[in-house]
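Working notes for the structure below.
The values are calculated or read from the model by the stated rules, or taken from the named source; none is laboratory data. Remember, predicted model here, so these are calculated numbers, not experimental data. Cβ atoms come from the backbone with ideal geometry, glycine included; neighbour counts cover every protein chain shown.
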Amino acid sequence: MNYSIYQSYLEVIFLSQRAPIGVFDSGVGGLSVARDIRKLLPLEDIIYYADSAYCPYGDKDPQTIRQREKAIGEFLVSQGCKLIVVACNTASSAGLEYLRRFLKVPVVGMEPGVKPAVAATRNGKIGVLATCVTIAGDRFSSLVKRYAEETEVITQPCPGLVELIESGKLNAPETEEKLRTFLQPILDKKADTIVLGCTHYPFLRPMLESLAGPGVSVIDTGQAVAKQVSRVLSACNLAKNSGPLGTEQFYTSGNQTEVEEVIRTLWLRDNISVKTLPLNVK
């Protein structure tokens with residue numbers, strides 16, 4: 001091989017390994033997934049996009065969600081991202097395969113943890129807290145059919161809960177009251193395992209566990225997604241295995257000041273800045 005060509009090839013690989021991971025959600029909820037990615041892959045740089053101006057996705061039609069996904073995905077690729085994480089169950093349900101047709105980088109999505117919940121339940125009853133779009137989607141129906149045909153699955157849409165988390169009201173009385181209302185039908189049916197089917201909900205896990213009691217297990221798929229990201233990067237020879245600790249960049253389509261305040265709270269760091277970038281749909 002010509003040396004100059006070989007050197008260029010090595011430089012491309014090197015730059016690809018150094019490239020960031022792109023993560024996006026309808027708002028700040030996907031930070032729960034980004035947090036798990038950061039813990040597992042401390043060397044990787046992360047670009048996070050919160051589509052806060054269009055949050056929540058749970059009350060949007062699938063076509064609108066797919067349009068937003070495409071705009072955000074293309075932006076993250078334009079920033080050099082080597083892999084995209086759709087850190088949103090609703091967006092994954094509405095348009096994960098659609099997005100994969102457009103982007104020329106690996107795309108990792110979300111799905112509610114029905115399979116691990118079935119493995120964890122002791123009485124054959126699991127509850128799923130999620131958005132209406134996720135619960136009504138084909139991906140969720142397929143999950144239940146594949147893994148939970150012999151398990152009682154109690155689904156509970158949670159309108160309004162995402163908005164409270166987006167406002168940073170993690171410990172507010174109104175958040176606790178709303179969560180209690182959504183939990184009660186699941187607890188009334190004696191489910192002993194609850195699936196967090198929205199990436200916003202892990203930020204309410206302490207409150208949820210307190211309300212549900214010690215006999216109820218809670219399933220969150222953030223760690224599983226982080227492991228899948230690691231597997232895909234390794235398989236594609238894109239993992240960053242040396243160098244300084246990774247950095248984060250944050251963007252939003254919403255109000256910069258409001259989103260920045262919430263991200264600082266959820267990311268547990270004060271020296272965070274967020275750039276506003278609306279991203280129009282083409």
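List of remarks:
- Filtering region 229-258 to residues that are within 26 Å of I272 (Cβ to Cβ) and polar (S, T, N, Q) leaves S230, S242, T247, Q249, T252, S253, N255, Q256, T257.
- Residues in region 8-62 that are farther than 16 Å from S167 by Cα, modelled with pLDDT of 95 or more and crowded, with 24+ Cβ neighbours inside 10 Å: I21, G22, V23, F24, V33, A34, I37, E44, Y48, Y49.
- Counted residues, region 102-124 - those being touching a strand residue (DSSP E or B) at 6+ places or on another chain (Cβ under 9 Å), of a type outside the set (A, V, I, L, M) and under 16 Å from C198 (Cα atoms): 4
- A136 being assigned by TED's automatic domain parsing to the domain that holds P214, over 19 Å from the mean Cα position of the chain (by Cα), surrounded by fewer than 23 Cβ atoms within 10 Å (Cβ to Cβ) and aliphatic (A, V, I, L, M): no
- For L99, the criteria (1) within 16 Å of the chain's Cα centre (by Cα); (2) outside the structural domain of G30 (by TED's automatic domain parsing); (3) more than 14 Å from G197 (Cβ to Cβ) hold in every case but one, which is (2).
- Residues within region 184-202 that are in contact (Cβ under 8 Å) with a residue 12 or more places away in the chain and either part of a loop (DSSP other than H, G, I, E, B) or surrounded by fewer than 21 Cβ atoms within 10 Å (Cβ to Cβ) (or both), tallied: 10
- If you go through region 37-60 and pick out every residue that is of a type in the set (A, V, I, L, M), farther than 14 Å from I72 by Cβ and more than 13 Å from the chain's Cα centre (by Cα), you end up with 4.
- Residue within region 114-132 that is within 16 Å of the chain's Cα centre (by Cα), at pLDDT below 95 and within 19 Å of L183 (Cα to Cα) present: yes
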